[in-house]
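The values are calculated or read from the model by the stated rules, or taken from the named source; none is laboratory data. The model shown is predicted, which means the values in this text are computed figures rather than measured ones. Note that each Cβ is placed from the backbone with ideal geometry, even for glycine, and that neighbours are counted across all protein chains shown. Keep in mind that these areas ignore ligands, DNA and RNA; they rest on the heavy atoms of the full protein, side chains included. Shrake-Rupley method; radii C 1.70, N 1.55, O 1.52, S 1.80 Å.
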Amino acid sequence: MNVVGVIVIPLLAALVTPWLGRLLGRAIGWWAVAASAAAFGLLVSLTGAVHAGAPPAWSVDWPAPDWGMRLALYADGWGWGFALVVAGIGTLICLYAQHYLSDEEPRARFFLYLLLFESAMLGVVLSANLVGLVIFWELTSAASFLLIGFWHTQERARYGAYKALLITGLGGLALVAGVVLMYLATGTTDIRELTARAGEVQAHPWFVAILVLVLLGVFTKSAQFPFHLWLPDAMTAPTPVSAFLHSATMVKAGVFLLGRVHPIFRGREEWFWIVSCVGMVTMLLGAYSTISQLGLITVLYGFGTELAALAATFHIFNHAAFKAGLFLVVGIVDHETGTRDKRLLKGLAKQMPVTAVLGAVCALASAGVPLLNGFLSKELFYEEMVTHVGRGPVWWLWPVLAVAGSIFTFVYSLEIVHGVFYSKLDPHVEWPHGAGHGHGHAHGKPHDPGWGMLGPVGLLAAVCVTVGLWPGGLEKWILQPAVAAVWGAPVEFHVAIWHGFTTPLMLSALTVAAGLVMYAQRHRLGAVQDRLAWGFGANTIYDGALAGLIRGTTWLTNTLQNGRLRTYFWCVIVTVLGGVGLTWGRQERLGVWAAEWTAPAAAEAVLIGLLIAAILAVVARQQDRLVAVIVLGSVGFLVSALYLVLSAPDLALTQLLIESVTIILFLLVLQRLPKSAPPTSPRRERLADAALAVVFGGVMTVLVLAVSAANAARPVAEFFTESSRPRAGGRNIVNVILVDFRGFDTLGEITVLGIAALGAFALIKLRRTR
């Protein structure tokens, strides 16, 4: 049950946070720290089981066990290792946020959202079933919407939250469709079973459709091109939120799913070209560091080799450490200076020496500088790229593009280290205290904050250095079981600091040299970039598409929901005809003429004739409302009589009661309406209505005849007769059918009647009040 507790602890802590917030006040953040740390502790307690090859598991028959769907959790090496990152960094984020937020912020609400998000993310990485994974996947989208829009009074925060929810939500729908197709193709949604049956999945005719739909969910979540545009706008959230969402969660959910489905999809050409090409384009065009790093990871998973799986998985853990640290450093700078404007931030190392050192460590780890963790996974990345050069004339492009993307990474990392901290200080700068996102305090010059904010950054920076100098610890305890789970089998590897003068090392040296030159010429290159800028980007397309969507849906709503009953009837009838038509189109023959035809008895013939005459009378006298209601009531009474003749007294009684009540209601309503109806519709509309009525009536007739002609293997009446007593314990077959065999139908009818009764009661009460 420990694996369940990992998810339940932060969830329960989140649910009671609003009430505890009233008692603890400003100290509510310590409650979040304790909850997240408890989840981390439970994960640590699972270490022995994971390394022994017996991942802790738990399952419950929900939501549809008869279809092979159940809520199942398991902590294999991949899910367990990722959960350690989520809970570990989550604990540091809660500690940091406790000191980052100002006293005016609604702290209880903030930690409620944060713990909800952490619980949902832990559910994603620990799910053993795709149904449960999708449920938690959508919960992360909802929770991230609340976190990104935490400062909801700011327009940019609302804009970023809506954009993130829309893009990731649409990707989530694609993922749901992919999971449904995978279930229809294999009959299971269990991840372990799908991994064992990977060959069957890849051989299925629906494989490409399944792959594309799943990848749409991955690419939208992990901000891959062309869906990367939501991530920069999400940075308007409080810094602890950005640090959590963009280092260990949210965007990492996409690449986590890539690793989870890697053993199912890898090996196919479609997987390689789609995943690796999208990842490389994202790495090159992602002007924001998180996006480019996610592109690098995606490229590696697309290659589908053991080395690529190792490099991608290793870089995920490394990226989580140095990226979270960088975000927290940005929060410290914002908190102390009151701004994130890079143009104002110069030479802060003199005033914030500890922050400068920690920020330099995290930034240089991101750049792939030797003796830091990012260098090791970047070396593996280069090694994977050069391994395939000899396969053909196009393959030399991969290492070239990899180096180009890494140079950009080095440049923007150096901009943080030198530009913000170690460049020349502008003596005339005035810090806008209290005006920034961090709500910095109005005290003299910026300085290093207390341990509550420096501590988490220091620990993350220490991880970057420790893994860079001693990768064996991470390799043994986390990386080996994680890579084995991603690959689907144990993988032999050894991560070392020094492999000799190899081609990857030469490429790393080239990256550093070219990056230094490029940084030295950054102002000239920036001017060139400004001249080449289109003034037309992804946001322009997004805003235009969203505006067009709103205009289109407004037009459609005004057209279909125009208040005319005729329009609503047309929509319903045409939809029914379309559905019936599609179904009939798949049938070889309808068998209408196989139905048994019997001549109606004299009483039946008379009632049918009277029914036809009454229906025609309703159409002819529709202008006079009173006459039309009376004639329409006669139609209902004639139907009741026909039921009685056909030996269905229960239906006859029901029809009689309903018709009587309906006529009384009509007559009461007529007291408030003019005696005569408005002028008839134009002749063109009446002819169209008549044609639709004839077509619909004909289709329903044919449908009834086709159903009557169908030869069922066993009449349903026999089933109800035999099953009512032993299965439902009832002697009255009709009652058993209503209450048991079609209980949900009856429940729906009761619900409708209850809503109608409430509506009638409200109208009566309103009239009495007036």
### Message
Considering only residues that are more than 16 Å from residue 85 (Cβ to Cβ), part of a helix (DSSP H, G or I) and open to solvent by 40 Å² or more (accessible area, probe 1.4 Å), which ones fall in segment 39-56?
### Response
45, 48, 51
### Message
Suppose the filter is over 21 Å from residue 249 (Cβ atoms), in contact (Cβ under 8 Å) with a residue 12 or more places away in the chain and out of contact with any Ser or Thr (no Cβ under 7 Å at 6 or more places or on another chain); does residue 187 pass it?
### Response
yes
### Query
If you take the residues in segment 101-112 that are of a type outside the set (Asp, Glu) and surrounded by fewer than 24 Cβ atoms within 10 Å (Cβ to Cβ), which one is modelled with the lowest pLDDT?
102
### Query
Looking at (1) touching a Phe, Trp or Tyr at 6+ places or on another chain (Cβ under 8 Å); (2) without any contact (Cβ under 8 Å) to a residue 40 or more places away in the chain, can you tell me which one residue 494 breaks?
(1)
### Message
Suppose the filter is surrounded by 18 or more Cβ atoms within 10 Å (Cβ to Cβ), in contact with a Ser or Thr (Cβ under 9 Å, 6 or more places away or on another chain) and in contact (Cβ under 8 Å) with a residue 40 or more places away in the chain; does residue 215 pass it?
### Response
no
### Query
When residues of segment 330-386 are filtered for being in contact with an Asp or Glu (Cβ under 6 Å, 6 or more places away or on another chain) and buried (at least 22 other Cβ atoms within 10 Å of the Cβ), how many remain?
2
### Query
So which residues in segment 684-739 are in a loop (DSSP other than H, G, I, E, B) and at pLDDT 80 or above?
729, 730, 731, 732
### Task
Quick one: which residue in 514, 485 is among the hydrophobic types (A, V, I, L, M, F, W, C), touching a Phe, Trp or Tyr at 6+ places or on another chain (Cβ under 9 Å) and over 29 Å from residue 47 (Cβ atoms)?
514
### Query
Identify, please: which residue in segment 387-409 is of a type outside the set (Gly, Ala, Ser), open to solvent by 30 Å² or more (accessible area, probe 1.4 Å) and touching a residue at least 40 places away in the same chain (Cβ under 8 Å) and is, among those, farthest from residue 273 (Cα to Cα)?
408
### Summary
Here the residues within segment 641-659 that are touching a residue at least 24 places away in the same chain (Cβ under 8 Å) and either open to solvent by 90 Å² or more (accessible area, probe 1.4 Å) or hydroxyl-bearing (Ser, Thr, Tyr) (or both) are 646
#### Entry: Boolean, residue 164 is more than 18 Å from residue 10 (Cα to Cα), small (Gly, Ala, Ser), out of contact with any helix residue (DSSP H, G or I) (no Cβ under 6 Å at 6 or more places or on another chain) and at pLDDT below 95
no
## Note on the structure
Filter segment 101-139 for residues that are part of a helix (DSSP H, G or I) and of a type in the set (Asp, Glu); the one that is nearest to residue 4 (Cα to Cα) is 118
### Message
Just to be sure before I move on: is residue 264 open to solvent by 10 Å² or more (accessible area, probe 1.4 Å) and either in a helix (DSSP H, G or I) or touching a strand residue (DSSP E or B) at 6+ places or on another chain (Cβ under 8 Å) (or both) in the structure I sent?
### Response
no
### Query
Across segment 190-201, what is the number of residues that are without any contact (Cβ under 8 Å) to a residue 60 or more places away in the chain and of a type in the set (A, V, I, L, M)?
1
### Query
Going through segment 278-297 one residue at a time, which ones are under 23 Å from the mean Cα position of the chain (by Cα) and either part of a loop (DSSP other than H, G, I, E, B) or closer than 21 Å to residue 495 by Cβ (or both)?
286, 288, 293, 296, 297
